[in-house]
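Single-structure report; data block below.
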Amino acid sequence: VPKIPDPRGDSDGPRRGSLCDRHCAAINNVQGDLGDLGCHLHRPRVPPAMSTPSCCQQHSEEVCESCLVKTTLTAENAVEANKLSNNYKFGFKKWKSHVTERPWEDRSEIVKELYSDLNVIRGSGGSTLTCGNVLYLLLFGWWLSLLYVLVAAVMFVTVMGAPYGRLCWDLAGYFLWPFGKVIQKVEVPKSHQACEAGVGESSALLGGPTRRRWVGTGCWHRASTAAWLCLGYPLLVLAHGLVCVTAWLLIVLIPVAKLSARATSRVLLLPPGRVLIRRLRTTEVPLEGEAILCCYRAANPYYYKYAVDGINIFAVNLLPLVLLTLVLGYVDSPNQLSSSAAKFTLALLSIMPLSYYIGMAIASISAQSNFAVGAVVNATFGSITELTFYITALIKGSREGNRCYAEVVKSALTGTLVGCVLFVPGLCMVIGGIRHQEQRFNSRSAGVSSALLFLSVGGVFAPTLFSKVYGKLICGECHNVSQNPLGHYLCHNCHFDLMDNNGTLYYSHVQPLVYTVSLLLPAAYLIGLFFTLKTHTHIYDIHISDCHMPGHHHSAVVHWSRWRALLILLLSTLCMSACADLATEHISPILSNSTISQYFIGVTVLAMVPELPEIVNGIQFALQNNLSLSIEIGNSIAVQVCMLQIPILVLFTIFYPTNFTLVFSDLHVYASMFSVVLMNYIFMDGKCDYFQGTVLVMVYFILLAVYFFAPSPSGC
């Protein structure tokens, strides 16, 4: 239906609320949250005769206040938009990486170069004398070239393999310094289909006269091929395989890995006469034939962004470590091949890639499912990494009758809480503040998490405070320092005994309080979910923009389907359980023989290593000036520790009795409460800089120093 022109003017909508729109746009440009921030005002159209400046002024304060928390996200497809929206939902895992394939035209030139094959000839490659190329020469080039010379000599000795000997001789010079050179696959012209033909050609671009040896595929001598495949090719495949694996593990040298893989699969399987090596000059003309290899740089520092099927390169390279840990841990039970300390270190390092796979699987399932399925998956598997380790440690401590494991679990819980409240947001503020002078975040959403943190910390430490008020103080050894019976006494190894009078205080008062708190904390967590996701969704007001950038009109091609993500999630959880079992199995010698306090081991290593993928996500969000998600990552983990993980451990002790009691040491109580108070003070104004982040990080390291010099808990 054609539009009827409006005689009063303003037939289009952009003039609506222009003053408020400009005000909101200015505010959102300063706020700088993820994506394109904007405020879409949907108000009835008011004719100019009825609209007065007072109308907008009357509502501008209310409307523009809502713009501070409104975020418009621009995504490539619906799945990616759902993932971005889940990042802002309370209780959902925050995930930075894409769960779908990004359109190729939307990627930067740096990223495109990472995924390009080594057969592109560029106009100007610049100087080839770089640090990365020299590193290649020192690590691989010299001995790889020498190996080609030896294989060439062997091929010449066999006489029948002389053509491959000449090829290896040419490749020896190429692999000594392959930069600025090109390997071509020469096409055999129709006039040279015979077995023997030769012609000399020259090129002003690629050097002087070059000899070409045309050998038809039909005249490829079987004897020469047999000698090459038996004597030369296997040895070179092993050498290139070693180079490929080593360069791939070093990450920045992945171009060298691609070079070796392509040489093994393409160059060495061609007839010798169809391989032509030339040196590129500064001027370029189209080459005759197909370019197989053309490399300019051996190293690229941006390969930390490289992904294989959506999986970051670091997680891919650490996956063999998981297999090594499982094989070495369960096959070498008597510790003949490695020590307990080495196995414990390997098991702990294996938790990092498994945490990454679990996180990506959860994000993939949530992005492709409805809200209910995503909430269930996040609540079920969101804390599976930490709970697996804690439960296996408590089981081992119960079987051995060792209270040390329960104290280590308490230290790890406290370390996770303190680290996620101080270290994670502080580090994100420092790194993000280097790029951005001042960063803003959603103070209202941070206030919800802060309120839940206050509630959870108070509930978790309520039994501890109760026991210190009504418990009986018992000391192991006391000395009179004043030589007066009524003077001062110096006592050591003091603790509050809850088992006085056959444990009446504990079983009649402390234990019911623990069970009550363990029921109230998950209930408060559910109320927080209902508050933020149902009744007060405007706190996380997320809008998916309908106007996509050019090239965004693509269907979603997910890296992992729902069933594949579910399978990876279950396998990663199973491997996580096995690694946690190995870690607890071999931690006993470390706890008994180490001179470091058990408090420090639990607070640092056991608490923060599983959270490394979350820390990396927080840093990436901060670099994109999206500090809201960086703060929410730490707050969400801390809230889940108090409101989900600890109640689950208490519930587990009901069905499987352990030494775990919800009574913490004074050091844990003071450190946790001080961290929460400091974090809320820093986050009050909704903006921060690198100085405030430095304060949080320094306070965290001070607490680590306190734990380092603290004596080990009693009974360890």
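The values are calculated or read from the model by the stated rules, or taken from the named source; none is laboratory data. Since the structure is predicted, the reported quantities are computational estimates derived from the model, not experimental observations. When we count neighbours, we look across all protein chains shown, and the Cβ atoms used for this are built from the backbone with ideal geometry, even at glycine. These accessible areas exclude ligands, DNA and RNA; they are computed on the full protein's heavy atoms, side chains included. Shrake-Rupley method; radii C 1.70, N 1.55, O 1.52, S 1.80 Å.
Inter-label distance, K112 to N335: 5.6 nm, where each label sits 7 Å from its Cα along the C-beta direction. Report the net charge of residues surrounding V182, where surrounding means a beta-carbon distance below 9 angstrom and charges are Lys +1, Arg +1, Asp -1, Glu -1. Local net charge: +3. How much FRET efficiency would the formula 1/(1 + (r/R0)^6) give for L150 and S265, where r is the Cβ-Cβ distance and R0 is 25 Å, rounded to 0.05? Working from the Cβ atoms, E equals 0.70. When the C-alpha to C-alpha distance is required to be over 18 Å, the pairs from K89/K410; K94/K410; K89/K534; K258/K305 that qualify are K89/K410; K94/K410.
When peptides 244-255, 312-323 are sorted by average Cβ neighbour count within 10 Å, with the highest value leading, the order is 244-255, 312-323. Surface composition of region 559-669: carbon and sulfur make up 68 percent of the accessible area, probe 1.4 Å.
Taking a point 7 Å out from the Cα of L651 in the direction of its Cβ, the residues of region 345-388 whose backbone N falls within less than 15 Å of it are 376-384, 387-388. Maximal additional length on extending the Y302-T130 stretch stands at 60.3 nm, based on 0.36 nm per residue less the C-alpha distance.
Accessible surface computed residue by residue for region 550-670, with neighbouring protein chains in place and a 1.4 Å probe, gives 38 Å² per residue.
Taking label positions 7 Å along the Cα-Cβ direction at both E400 and L623, the computed distance is 4.1 nm, reported to one decimal. Under 13 Å from the 7 Å Cα→Cβ point of A451, by amide nitrogen: which residues of region 666-696? Answer for region 666-696: none. If you take every residue apart from L591 with its C-beta less than 15 Å away from the C-beta of L591, what net charge results, scoring Lys and Arg +1 and Asp and Glu -1? Cβ neighbours under 15 Å give a net charge of +1.
For the pair I434 and M698, label points projected 7 Å from Cα toward Cβ lie 1.9 nm apart. Per-residue surface analysis assigns I362 an accessible area of about 0 Å², computed on protein heavy atoms at 1.4 Å probe radius. For L574 and L235, what is the calculated FRET efficiency with R₀ set at 41 Å and r taken between the beta-carbons, to the nearest 0.05? That pair, L574 with L235, gives E of 0.55. Rounded to the nearest 20 debye, the dipole size of region 240-349 about its Cα centre is 360 debye, using +1 on the Cβ of Lys and Arg and -1 on the Cβ of Asp and Glu. For region 94-185, a crude dipole built from +1 on the beta carbon of Lys and Arg and -1 on the beta carbon of Asp and Glu, taken about the Cα centre, is about 100 debye to the nearest 20.
Taking all protein chains into account, the per residue accessible area for region 287-340 stands at 51 Å² (1.4 Å probe).
Highest average first, the peptides 612-624, 130-142, 664-676 ordered by how many other beta carbon atoms sit within 10 Å of their residues are 612-624, 664-676, 130-142. In terms of packing, defined here as the mean over residues of other Cβ atoms within 10 angstrom, the peptides 334-347, 157-170 line up highest first as 157-170, 334-347. Its Cα gyration tensor gives region 317-375 an equivalent ellipsoid, and the semi-axes of that ellipsoid, as √(5λ) in whole Å with the largest first, are 34, 9, 9. In this structure region 110-154 gives 53 Å² per residue of accessible area when probed at 1.4 Å with all protein chains present.
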